[in-house]
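Reviewing the structure listed below.
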Amino acid sequence: MSNWRQHVYNKLTVLLELMKQTVKSGPVIQMDETSVQVMSGIKNGKETKAEEKTKLDIHKGWMWLARGGPPGKKAVWYEYHESRAGKHAQEFLEGYSGYLQTDGYEGYDYAVKDRPEIIHVGCFAHSRRKFFEASKASKVSKSAEEGIKHIRKLYDLENKMRGEKLSEEDFLQKRKELAGPMLGQFKSWLLKRADEIQPASLMGTAINYTLKQWGKMTAYLNSCHLTPDNNAAENAIRPFVIGRKNWMIAGSPEGAKGSCAIYSLIETAKQNDYVPAHYLKALFETAPYASSAEDWEKLLPWNIFSN
């Protein structure tokens with residue numbers, strides 16, 4: 001089955017490249033990454049022949065994920081690399097202009113360094129998690145819960161406004177008018193508590209993280225295509241994280257890259273509200289006859305079912 005998957009990966013490189021370019025063609029790219037154990041080969045031990053054993057050479061690699069695309073054509077792109085270095089995100093973003101939304105990992109700061117055409121946006125969900133962790137400590141639970149309440153107000157407003165049928169211009173103006181004072185109150189509270197809490201404590205960590213990321217986290221106000229968090233990217237990478245608990249190790253770097261292809265196809269189908277099995281069936285039945293760039297374009301999820 002692994003070999004079948006590799007054949008699919010090798011045969012669909014043109015389509016996969018189209019998905020990658022689709023991600024980069026929209027106004028927003030959301031990125032995330034997670035680790036994966038990869039077997040890079042087999043090393044023989046130094047035992048005698050009678051005791052000879054094989055030892056697996058396993059290293060920690062990284063699956064990078066990017067989600068983006070224009071409205072109505074959302075694509076998810078998985079990419080395997082042997083490290084978590086920010087240069088991999090930098091290489092992926094080559095030629096891109098728009099918003100990049102991520103968590104607070106510094107590798108993304110490196111990726112957009114000296115790239116004024118890319119506006120880096122943060123994630124309130126990560127801030128909320130840190131306050132939630134602090135809330136478990138009984139001594140600061142009430143204070144941490146107050147931080148969570150500030151963030152909840154922003155989400156309540158966002159959800160309410162998303163349900164209103166406003167033009168993009170009216171949506172942006174109203175969101176800034178209503179969210180601005182909420183954010184001002186939240187920041188004032190953060191600055192006040194920062195002077196009262198030990199920086200190394202869980203509460204101190206939550207406060208300092210939020211203040212450090214403040215400019216990025218509030219940048220979502222500038223585009224109707226942005227939300228307060230990076231959850232859509234995390235939701236797209238979650239199936240890989242869950243699956244990893246079962247299969248645990250990729251058999252080789254090429255195997256990890258093959259997995260990227262299948263996950264990209266499945267998650268892109270899901271992002272466009274198609275049943276992955278239906279999309280894969282239609283794709284595998286039609287792809288052998290693709291002979292031109294136009295043919296491959298027709299095999300993208302939003303095109304294949306419209307014919």
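Things to note:
- Of the residues screened, Y263 is one that is touching a Pro at 6+ places or on another chain (Cβ under 9 Å), within 26 Å of V121 (Cα to Cα) and surrounded by 16 or more Cβ atoms within 10 Å (Cβ to Cβ).
- Output for region 144-169, where each listed residue is exposed (fewer than 14 other Cβ atoms within 10 Å of the Cβ) and of a type outside the set (D, E, K, R): N159, G163, S167
Residues checked against (1) within 15 Å of the chain's Cα centre (by Cα); (2) touching a residue at least 24 places away in the same chain (Cβ under 8 Å); (3) outside the structural domain of D32 (by TED's automatic domain parsing); (4) more than 19 Å from A219 (Cα to Cα):
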site	(1), (2), (3), (4)
D57	no, no, no, yes
A89	yes, yes, no, yes
F92	yes, yes, no, yes
Y96	no, yes, no, no
E106	yes, no, no, no
V112	no, no, no, no
F131	no, yes, yes, yes
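- Residue in region 72-88 that is on the phi > 0 side of the Ramachandran plot and touching a helix residue (DSSP H, G or I) at 6+ places or on another chain (Cβ under 7 Å) present: yes
- Within region 114-129, considering residues that are over 17 Å from the mean Cα position of the chain (by Cα) and closer than 14 Å to E91 by Cα, the one surrounded by the fewest Cβ atoms within 10 Å (Cβ to Cβ): D114
- Taking the numbered list (1) within 30 Å of K149 (Cα to Cα); (2) over 17 Å from the mean Cα position of the chain (by Cα); (3) of a type in the set (S, T, N, Q) in turn, N235 passes all entries but (2).
- Checked against the criterion of being of a type in the set (V, I, T) and modelled with pLDDT under 95, the candidates V140, V112 yield just one match: V140.
- Residue count, region 12-31 (criterion: part of a strand (DSSP E or B) and of a type outside the set (A, V, I, L, M)): 1
- Of all the listed residues (A134, A125), the sole one being within 21 Å of L183 (Cβ to Cβ) and at pLDDT below 95 is A134.
- The set of residues in region 72-88 that are under 30 Å from I304 (Cα atoms), small (G, A, S) and at pLDDT 95 or above contains only A75.
- Restricting L211, L202, L265 to those that are farther than 30 Å from K60 by Cβ and of a type outside the set (F, W, Y) reduces the list to L211.
The values are calculated or read from the model by the stated rules, or taken from the named source; none is laboratory data. Source: prediction; values computed, not measured. So basically every Cβ, Gly included, is an ideal-geometry build from the backbone, and we count neighbours across all protein chains shown.
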